[in-house]
Amino acid sequence: MLPLSQTTGYAILALGCLNGCCGRLMLAREIAASTGTPLPYLSKLLHALCRRGLIEGKRGYRGGFVLARPAEQISLLEVAEAVEGDAWLPRCLLGLAECSPQQVCPAHEFWAVERERIKDKLRATTIADVAAFARQRGLVPLRDDSRFPPENSHSSGSVEGGP
């Protein structure tokens, strides 16, 4: 089985972390600390997720990041495509450039079916599913929201720009 990239894994962890914020804006450094992701790497990733509309960002005082919609509505397929691009799964399992529907390699039909199965599973699995799994197993430190006052919450439908 082909795993998702480490970058996609970091994106999933970051989104899961934001899911635990109950709609409050969270700073990139807080997400980095909570997920163990290097901050410069995470900052670039968060901006990419903003551009794809999975999260919203606000600059400046009381700024940070928040999920653009509920975690139950963000699929892992969307995350993989946001991070890796729309064609993140290779067309040919064997890596042959000349493999196509007209000129099939020995693994072509198998891979076409498996590629769709992978996409279907990732489409059906959400950030909420991953966050629940991580919480149950204590895999990602949970953020203590009591440290963050309610006035730092994100209540409007959109956030201007990205940090």
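The values are calculated or read from the model by the stated rules, or taken from the named source; none is laboratory data. In this text, all values refer to a predicted model and were calculated from it rather than measured experimentally. Every residue, glycine among them, receives a Cβ derived from its backbone with ideal geometry; neighbour counts consider all protein chains shown.
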Filter pass, Ser43 being closer than 17 Å to Ile127 by Cβ and of a type in the set (Ser, Thr, Tyr): no
statement: If you go through Gly60, Gly23, Gly53, Gly36, the only one that is surrounded by fewer than 19 Cβ atoms within 10 Å (Cβ to Cβ) and either of a type in the set (D, E, K, R) or closer than 30 Å to Glu116 by Cα (or both) is Gly53
field: Flag for Leu93 being crowded, with 18+ Cβ neighbours inside 10 Å, under 11 Å from the mean Cα position of the chain (by Cα) and touching a residue at least 12 places away in the same chain (Cβ under 8 Å)
entry: no
Residue within region 85-108 that is among the small types (Gly, Ala, Ser) and within 19 Å of Thr7 (Cβ to Cβ) present: yes
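Let's see how each residue does on (1) farther than 19 Å from Ala132 by Cα; (2) out of contact with any strand residue (DSSP E or B) (no Cβ under 9 Å at 6 or more places or on another chain); (3) in contact (Cβ under 8 Å) with a residue 12 or more places away in the chain; (4) in a helix (DSSP H, G or I):
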| position | (1), (2), (3), (4) |
| --- | --- |
| Tyr10 | no, yes, yes, yes |
| Cys22 | no, no, yes, no |
| Ala48 | yes, yes, yes, yes |
| Ala97 | yes, yes, no, no |
| Arg117 | yes, yes, no, yes |
message: Quick test for you: out of Ser75, Ser43, pick the one residue that is among the polar types (S, T, N, Q), touching a residue at least 12 places away in the same chain (Cβ under 8 Å) and under 20 Å from Ala128 (Cα atoms).
response: Ser75
- request: Among residues belonging to region 111-131 that are among the charged types (D, E, K, R) and under 14 Å from the mean Cα position of the chain (by Cα), point out the one that is nearest to Gly95 (Cα to Cα).
  value: Arg123
task: Kindly establish whether Ala68 is closer than 21 Å to Gln6 by Cβ, surrounded by 19 or more Cβ atoms within 10 Å (Cβ to Cβ) and small (Gly, Ala, Ser).
output: no
query: Given the structure, is Leu45 surrounded by 17 or more Cβ atoms within 10 Å (Cβ to Cβ), aliphatic (A, V, I, L, M), on the phi < 0 side of the Ramachandran plot and at pLDDT 90 or above?
result: yes
- prompt: What are the residues in region 96-138 that are closer than 18 Å to Ala71 by Cα, surrounded by fewer than 13 Cβ atoms within 10 Å (Cβ to Cβ) and hydrophobic (A, V, I, L, M, F, W, C), if any?
  reply: Ala124
